[in-house]
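Have a look at the structure below, then the notes.
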Amino acid sequence: MNVDYLVAEIGSTTTLVTAFNSSYDTNGQVVVNIPFQGKSCTTVLDGDVTIGLKNAVKDIEDQIGESLTWNRMLATSSAAGGLRITVHGLMQQMTVKAAREAALGAGGIIKMATAGKMRKSDLKRIHEINPNMIMIAGGTDYGERETALYNAELISAEKFNIPIVYCGNIENQEEIKDIFFGQELYTIDNVYPMVDTLNVEPARKIIQEAFEKNIVKAPGMNKIKEMVNGSIMPTPGAVMESSKVLYDIIGDLVVFDVGGATTDVHSVTEGSSVVLDMLVNPEPKAKRTVEGDLGVFINSKNVIDLLDLRDLGGLTKEHITKHIKPIPKEVEDINASSLLTQKSLDVAISRHVGVIKRKYDGESGFVAYGKDLSEVKYIIGTGGALTRLPKGEIMLQGIRYLKDEVTMLPKKGAKVLLDKNYIMASAGVLSRENKEVARALLIQSLDITKDMEIDEVSICLEKGA
């Protein structure tokens, strides 16, 4: 069997491969199907990720009883430690925050962030972290220049031999090029060009390009180009791309991806005008937070430690620990993973959403900090824990705020959609090459036509086998 696309999601524990075809009907409408998905254990620790890829392809071949060929293979990856980034800016709540938002939205894992002039101890810590990329920010355009140049000199002298992204004051760009001459450097528009203004999308694009160029250097990933002949993206960055595609279709949304190692939250919304007027610092329209301590397998111990008596429902932490499996199949294993999924959701949303506080010191009114989700119309679940375990929809419904007071949480009218085909990461990387087909895959997987009308660029959906 030959298919148009084979898209691999290479996770920390599991590799999932999705095969599908796309075509156009007589009315010029996109027809997509998802005939088969195969999975295998990720084999990055074996020194060769293609072993797991081939095993996942074989899983499909066993299902169809014949060999599988494809025209284009794409991939997303969070294996080999993901995209580890350190960020170095001027002010914690300004340029450092802006650079962090850019890195997280591109699929990065922030391992370190510094504000102001760096110290020798900071350089030592970078060596210990061994990041995949370093971001240097600092100064609004035509504002403060010295801190970013000072930090750049220190970082350049260390010869980290990894991509450097400069996204600070544009007046520094020529000096930065001289400082990093002969090293892999990307200079782009300032992520914080003016006070209270974020400009993160140019940085996100460059980060993903640098990741694709350098992923083949990661342990276990050096042979990936033997099979993948299309785009490669960090898995969280691909989910963010899908979130932005969906925003154009259905409006304000928040996406939860509970995984074995991390729990990611992606939101695409401007928020309400009421909260916007109270915000102390600007927030990006598309925001991602990654909770590196919340996972239902690799980081299950961290989540178990957070459980209290109300969460346990009569079980013990020892019982839950015994029943944590990478792919739960028995009832007790499923119940244990579901309990951890619920806790991961509860903690992740509390960290992602902002807060409203009353003013003090004689002033009346309120101020707001962080991301406003009160205008969110759809709460979406993706990833194995939410789409393959039971009660994913019920878990997601539980994050809504059901009272009438002003809140930054999604309100009771928000609807829940599940990525039933586990396709968001695949659609995200596909959107870089064929946005129309990616859009069709998302509409099909989330059953969007059941809940709302979509625009006149209607899409014919052919259900897969």
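The values are calculated or read from the model by the stated rules, or taken from the named source; none is laboratory data. Treat the numbers as computed from the prediction; the structure is a model and nothing was measured. Using ideal geometry, Cβ is built from the backbone for each residue, glycine included, and neighbour counts are taken over all protein chains shown.
Odds and ends about this structure:
- The strands (runs of 3 or more DSSP E) found wholly in segment 47-123 and carrying at least 1 residues that are within 30 Å of Thr147 (Cβ to Cβ) and out of contact with any helix residue (DSSP H, G or I) (no Cβ under 6 Å at 6 or more places or on another chain) occupy 83-89, 108-115.
- Looking only at residues of segment 1-42 that are of a type in the set (D, E, K, R) and assigned to a strand (DSSP E or B), we find that the one that is surrounded by the fewest Cβ atoms within 10 Å (Cβ to Cβ) is Asp4.
- Selection from segment 319-349 of residues that are surrounded by fewer than 12 Cβ atoms within 10 Å (Cβ to Cβ) and either outside the structural domain of Gly292 (by TED's automatic domain parsing) or among the small types (Gly, Ala, Ser) (or both): none
- Of the strands (runs of 3 or more DSSP E) lying entirely inside segment 351-451, the ones with 2 or more residues being within 30 Å of Leu16 (Cβ to Cβ) and either at pLDDT below 95 or touching a helix residue (DSSP H, G or I) at 6+ places or on another chain (Cβ under 8 Å) (or both) are found at 378-382, 415-418.
Quick grid of which residues meet (1) touching an Asp or Glu at 6+ places or on another chain (Cβ under 7 Å); (2) surrounded by 15 or more Cβ atoms within 10 Å (Cβ to Cβ); (3) free of Cβ contacts under 8 Å to residues at least 40 places away in the same chain; (4) aliphatic (A, V, I, L, M):
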{"residue": "Pro163", "(1), (2), (3), (4)": "yes, yes, no, no"}
{"residue": "Tyr166", "(1), (2), (3), (4)": "no, yes, yes, no"}
{"residue": "Asn172", "(1), (2), (3), (4)": "no, yes, yes, no"}
{"residue": "Lys177", "(1), (2), (3), (4)": "no, no, yes, no"}
{"residue": "Tyr186", "(1), (2), (3), (4)": "no, yes, yes, no"}
{"residue": "Asp189", "(1), (2), (3), (4)": "no, yes, yes, no"}
{"residue": "Tyr192", "(1), (2), (3), (4)": "no, yes, no, no"}
{"residue": "Val195", "(1), (2), (3), (4)": "no, no, no, yes"}
{"residue": "Asn199", "(1), (2), (3), (4)": "yes, yes, no, no"}
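- Scanning segment 290-308 for residues that are of a type in the set (S, T, N, Q) and surrounded by 19 or more Cβ atoms within 10 Å (Cβ to Cβ) returns Asn299, Ser300.
- Looking across Lys213, Lys177, one residue alone is of a type in the set (Lys, Arg), over 22 Å from Gly107 (Cβ atoms) and in the same structural domain as Arg145 (by TED's automatic domain parsing). It is Lys177.
- Residue in segment 84-93 that is among the hydroxyl-bearing types (Ser, Thr, Tyr) and closer than 29 Å to Gly292 by Cα present: yes
Yes/no matrix, rows are residues, columns are (1) modelled with pLDDT of 95 or more; (2) not hydrophobic (A, V, I, L, M, F, W, C):
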site: Ile176; (1), (2): yes, no
site: Leu185; (1), (2): yes, no
site: Val195; (1), (2): no, no
site: Glu209; (1), (2): no, yes
site: Asn214; (1), (2): no, yes
site: Met233; (1), (2): no, no
site: Leu246; (1), (2): yes, no
site: Ile250; (1), (2): yes, no
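- When every residue of segment 128-140 is checked against the conditions, at least one turns out to be surrounded by fewer than 18 Cβ atoms within 10 Å (Cβ to Cβ), assigned to a loop (DSSP other than H, G, I, E, B) and outside the structural domain of Gly383 (by TED's automatic domain parsing).
- Candidate set from segment 195-219 (those that are closer than 15 Å to Thr95 by Cα and part of a loop (DSSP other than H, G, I, E, B)); member that is farthest from the chain's Cα centre (by Cα): Val195
- Among the residues here, Gly138 qualifies as within 24 Å of Met91 (Cα to Cα) and in contact with a Gly (Cβ under 6 Å, 6 or more places away or on another chain).
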